[in-house]
Every structure is written in structure tokens, then in C-alpha cells.
Amino acid sequence: MAEANNSDFLILITIFVGLGVIILVFLLKWIKQEQSNKDNTKNDKSAKSKSSSTETSGKHGKKEQQAAKPKKKQLTERETRRTARANEKGFNHPWLLATLKGHTGRVLDMDFSANGKYLVSCGDDRTVFIWGAKELANKDRKSLRVNIEFDYATHVKWSPDCKAFIIHRFNENCLEVYKVDKKKDGWLTASKAVTFPKGHDTDVIGMGIASNGKFIMTCSNKTDMIVWDLKGEKLAKLDTFLMSTECAKISPCGRFIVASGFTPEAKTWEVVFDKSGDFKEAKQVPQLNLGGHSSGVYDVAFDVDSSHMATVSKDLTWRLFDTKVNYKQGQDARLDISGRYESSSSKSLVALSPNAEVLVVATANDLQFYSTMTGKLDSTVENISNEHITSILFDASGKHLLVSSDKQIRVFLNVPGYRCAIAHAKEKLKEHQTSATRERLQQLVKESEDFLKNF
């Protein structure tokens with residue numbers, strides 16, 4: 001009986017000891033957990049205080065950045081405008097003779113009158129300007145502003161008799177003739193005379209009036225070309241078969257139309273009239289096609305009598321052709337010389353001096369002058385304007401090159417033309433010449449060399 005009581009007592013003691021151990025372990029765990037919670041609370045508070053200070057500084061930083069950004073943006077815009085104004089007003093070059101100002105929008109096209117007295121220009125500011133061509137170097141030159149109602153002109157050309165000019169209206173996509181009269185003071189006035197019916201469904205990229213006054217040509221950026229009479233009647237509608245057309249011009253002789261575009265050659269048509277002056281046909285002349293390029297042709301140009309034609313292509317080459325050939329007997333236009341030009345992947349324009357001695361390529365806002373005697377680059381005039389050059393044109397003397405871009409027309413002296421004239425004259429002096437011809441060539445060399453001393 002005593003043994004049983006002892007065993008029960010031992011069991012109770014074991015139970016109490018076990019419970020005590022369990023309670024102790026539980027208390028230790030609880031104390032550890034509480035300590036951990038206190039540490040976490042402290043860490044959270046410190047983290048929150050750091051976070052709030054960071055957020056506060058971040059908010060102030062953002063406010064400062066937001067306050068700073070507009071100022072930076074305003075400065076950038078202001079600097080951009082200032083740079084643009086500086087380029088417009090401050091562009092200078094030793095060859096720059098004059099700058100014609102009056103347009104408030106981009107100048108798109110220009111043309112000299114046949115008598116050499118006037119220059120006409122058009123722009124996207126809904127105006128056409130007529131300038132006194134013999135006063136280009138004078139600051140007090142005369143000009144006439146003609147407003148185009150509710151539209152603007154993309155192309156402008158003088159009539160051969162210098163008594164009218166014709167424009168292409170962009171929105172209405174039609175031609176309009178303006179009559180030009182003289183006032184009592186000797187200057188000009190212009191008024192709308194005739195509006196042609198719409199002829200094309202897409203944009204017109206080329207327009208011209210034949211020097212003989214027999215026809216007008218328009219061509220769209222697709223493949224449709226129209227030959228008109230001076231009263232607005234269609235004489236012929238042609239397909240250029242160029243897939244897309246970049247350029248279309250009438251030759252100075254008034255006989256040919258040359259168009260270029262996607263294909264690697266410029267195509268030529270002859271506009272034929274009978275002996276009584278009535279329109280007969282407009283036929284393609286394959287012998288006068290200007291080929292040899294490996295890509296599309298951007299632009300074409302002529303010398304004064306259409307005996308030479310020039311092309312400039314997307315393949316970064318220009319080519320000069322002798323077109324004074326007997327094409328009716330099957331003789332093809334001959335390649336005189338070709339060269340490469342530098343481009344900034346934009347459409348290029350080409351101009352040929354009246355004597356075909358200088359070829360100019362305009363790409364983006366740069367001019368490149370080439371000698372057609374050697375094919376080499378003579379000079380480059382860079383950064384003429386902010387926007388791309390829209391047209392280039394020699395005057396009848398070949399002494400000046402006019403360049404339209406931005407809101408202005410800049411008149412440059414054709415300095416490379418004097419160097420080319422010297423080279424051509426010296427080559428001719430090597431040949432047998434009459435005494436009068438030799439004296440004339442020597443005088444030309446002397447005058448040109450004296451002129452170049454200024455540059």
C-alpha cells in the first residue's frame with residue numbers, strides 16, 4: 001500500500017515538473033515575441049520618419065523640377081526662335097548679293113520675265129510678288145504684292161509677252177491667269193483674268209508656258225499630263241508612264257516637255273503645231289530621253305537654247321546631255337559629263353547656267369557648284385536656310401543664282417561661273433583663233449580674274 005502511494009506521488013511530481021517546464025518555455029517564448037514586437041515598432045517608426053522626410057524632400061524636389069522644367073522649355077523655345085531669326089537675318093556669305101523680303105510664308109516658286117525686267121514669286125502666305133529684276137541689289141527696290149483669295153499658289157510663270165502671269169491654286173487645283181498692266185508712274189498692277197477648269201485629281205508638281213506662247217503644260221504627281229491652249233481648253237492628255245512624277249518642265253525653246261520621276265530616266269515629248277499654228281500632236285521622242293541613272297530622277301534643267309539638258313537623281317549622280325542632235329534621223333542625246341553629289345537623303349534640285357558651264361545641285365539647305373568642263377565640285381554654300389530649298393534659278397546673264405527658301409529669296413553671285421569662263425577661254429586660246437576672237441578671249445580672262453580678286 002505504501003509502494004502504491006509512493007508511485008502516485010512520483011507521477012504527480014513528474015506531472016507538475018512537466019507542466020512547469022511547459023509554462024516556463026511558453027513564458028520565455030512570449031517574452032521573446034514581445035521584445036521582437038517592440039523592436040519592429042521602433043524600426044517602423046524610424047522607417048516612417050525617414051520615409052516622410054524622403055517624401056517631403058521628394059515633393060520639394062518635384063516641385064523644384066516642375067518649376068524648373070517650364071523655364072528650361074521656355075528658354076529652348078526662345079533660343080530656337082532667336083536662332084531662326086538669326087538665320088533669316090544674319091546669314092551672310094561673300095557671294096550673297098541681296099535678300100528679297102516680303103513674303104510671310106515659305107516661298108515656293110519663282111520665274112523671270114522674258115524681257116529680264118521682272119521676277120515673280122509665290123508662297124504659301126497667299127501672295128504673289130513681282131520684283132524689279134534690275135534693282136535686285138538695291139535696298140529700295142520696287143515690288144508689287146498680289147493677294148490670292150482663299151488659296152495660295154504653288155507654281156508661278158510669266159507669259160512670253162510679259163503682260164500676264166499664271167499660277168496654280170493649291171486648294172482648287174486649277175490654273176489662274178493674272179493680267180499685268182502698267183500704271184501712270186511706270187510701275188505695275190495685276191488683276192485676275194481667267195480661271196481654268198480643274199484638270200487633275202492629285203497635286204500638280206509641274207507647270208509651264210511655252211516661250212512661243214502656243215501652249216501651257218501641267219502635270220500631276222501621278223502620271224497624267226495635260227497640254228492646254230491659252231484659253232483653258234485641253235489640247236492633249238498624256239500618260240508619263242513614270243509610275244509617279246517628280247518634275248515636269250517645258251524647254252526654253254518651247255518645243256519639248258521633259259518629265260521625270262520614279263523611273264531612272266527623264267522622258268521627252270515634242271509638242272507639234274502645223275504651219276497654220278493649229279495643234280497637231282504631242283508625241284514622245286525616245287531619242288531625247290535622258291537615261292543612265294540607276295534610280296529615280298528628281299529634277300531636270302536646261303541651258304538658254306535647250307541644246308543641253310541636265311538631270312539629278314536619287315542615285316546621287318548628276319548628268320549633262322548634249323541634246324543638239326538630229327533626233328528626227330534617229331540620233332540620240334549624248335552624255336557630255338556626269339558627276340556625284342553629296343545628299344542628306346532629301347529631294348535634290350538642279351540648275352544649269354545659260355551657257356551650260358556651271359551646274360548647281362541644291363540638296364536640303366545647301367548648294368553645290370560643279371564645273372561641267374571637269375565634272376568636279378567647285379564650291380559649296382551651306383546652311384542657307386532653316387528649311388529645305390524650294391527652287392533655284394539663274395538669271396539670263398548667268399551672273400546671278402536665285403535661291404528660294406523659308407520666307408526669302410537670296411541672290412548669289414555666280415562666282416564659280418567666272419572661274420569656269422576663264423578655264424573655257426584658256427582652252428579656246430590654245431586653238432587657232434582670229435585676232436579679234438583672241439583679243440576678246442584675253443579680255444574675258446582679264447576681267448574675270450579681276451572680278452575674282454574680290455573673293
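Summed over segment 220-249, the residues that are more than 23 Å from residue 292 (Cβ to Cβ) and under 23 Å from the mean Cα position of the chain (by Cα) give a count of 3. Only residues that are part of a loop (DSSP other than H, G, I, E, B) and over 17 Å from residue 400 (Cβ atoms): list them for segment 93-113, please. Of everything in segment 93-113, those that are part of a loop (DSSP other than H, G, I, E, B) and over 17 Å from residue 400 (Cβ atoms) turn out to be 102, 103, 104, 105, 106.
The residue list 423, 396, 356 contains one member that is more than 23 Å from residue 154 (Cβ to Cβ), in contact (Cβ under 8 Å) with a residue 12 or more places away in the chain and in contact with a Gly (Cβ under 7 Å, 6 or more places away or on another chain), which is 396. For first residues located in segment 232-254 and surrounded by fewer than 21 Cβ atoms within 10 Å (Cβ to Cβ), partners that are aliphatic (A, V, I, L, M) and in a loop (DSSP other than H, G, I, E, B) and lie 6+ apart or on another chain with Cβ distances below 9 Å form the pairs 252/304; 253/210; 254/210. In segment 205-225, the qualifying residues are those that are surrounded by 22 or more Cβ atoms within 10 Å (Cβ to Cβ) and touching a Cys at 6+ places or on another chain (Cβ under 8 Å), and the one that is nearest to residue 239 (Cα to Cα) is 225. Looking at 359, 393, just one residue is of a type in the set (A, V, I, L, M) and closer than 18 Å to residue 423 by Cβ, and that residue is 359.
Scan 208, 213, 199, 186 and give me the residue that is modelled with pLDDT under 95 and not aliphatic (A, V, I, L, M).
On the way: 208 fails: modelled with pLDDT under 95; 213 fails: modelled with pLDDT under 95; 199 fails: modelled with pLDDT under 95.
Only one candidate passes the filter, namely 186.
Taking the criterion of being touching a Lys or Arg at 6+ places or on another chain (Cβ under 9 Å), outside any strand (DSSP E or B) and among the charged types (D, E, K, R), the only residue of segment 185-202 that qualifies is 201.
Kindly indicate whether residue 397 is surrounded by fewer than 18 Cβ atoms within 10 Å (Cβ to Cβ) and polar (S, T, N, Q).
Yes: the conditions hold for residue 397.
Within segment 185-214, the residues that satisfy the criterion of being in contact with a strand residue (DSSP E or B) (Cβ under 9 Å, 6 or more places away or on another chain), among the small types (Gly, Ala, Ser) and touching a residue at least 24 places away in the same chain (Cβ under 8 Å) are 190, 193, 199, 206, 208, 210, 211.
Just give me the residues in segment 132-155 being aliphatic (A, V, I, L, M) and in contact with a Leu (Cβ under 8 Å, 6 or more places away or on another chain), in sequence order.
133, 136, 137, 144, 153, listed by residue number.
Give me the residue from segment 287-297 that is under 16 Å from residue 241 (Cβ atoms) and touching a residue at least 40 places away in the same chain (Cβ under 8 Å) and, out of that set, surrounded by the fewest Cβ atoms within 10 Å (Cβ to Cβ). Only one residue fits best here, namely 289.
Take the conditions (1) closer than 27 Å to residue 111 by Cβ; (2) out of contact with any Ser or Thr (no Cβ under 6 Å at 6 or more places or on another chain); residue 335 misses just one of them, which is (1).
Does segment 190-198 contain at least one residue that is at negative phi, within 27 Å of the chain's Cα centre (by Cα) and buried (at least 19 other Cβ atoms within 10 Å of the Cβ)?
Step one: of segment 190-198, the residues at negative phi are 190-198.
Still in the list and also within 27 Å of the chain's Cα centre (by Cα): 198.
Among the residues that remain, those that are also buried (at least 19 other Cβ atoms within 10 Å of the Cβ) are: none.
No - not one qualifying residue is present in segment 190-198.
Among the strands (runs of 3 or more DSSP E) lying completely within segment 224-283, list those that include at least 1 residues that are among the polar types (S, T, N, Q) and modelled with pLDDT of 95 or more. I'd like the intermediate steps shown before the answer.
Working: elements: 224-228, 234-239, 245-250, 256-261, 267-273.
In segment 224-283, 245-250, 256-261, 267-273 are the strands (runs of 3 or more DSSP E) which contain 1 or more residues that are among the polar types (S, T, N, Q) and modelled with pLDDT of 95 or more.
The values are calculated or read from the model by the stated rules, or taken from the named source; none is laboratory data. Since this is a predicted model, take the numbers as computed values, not measurements. Heads up, the Cβs are rebuilt from the backbone with ideal geometry, glycines too, and the neighbour counts pull from every protein chain shown.
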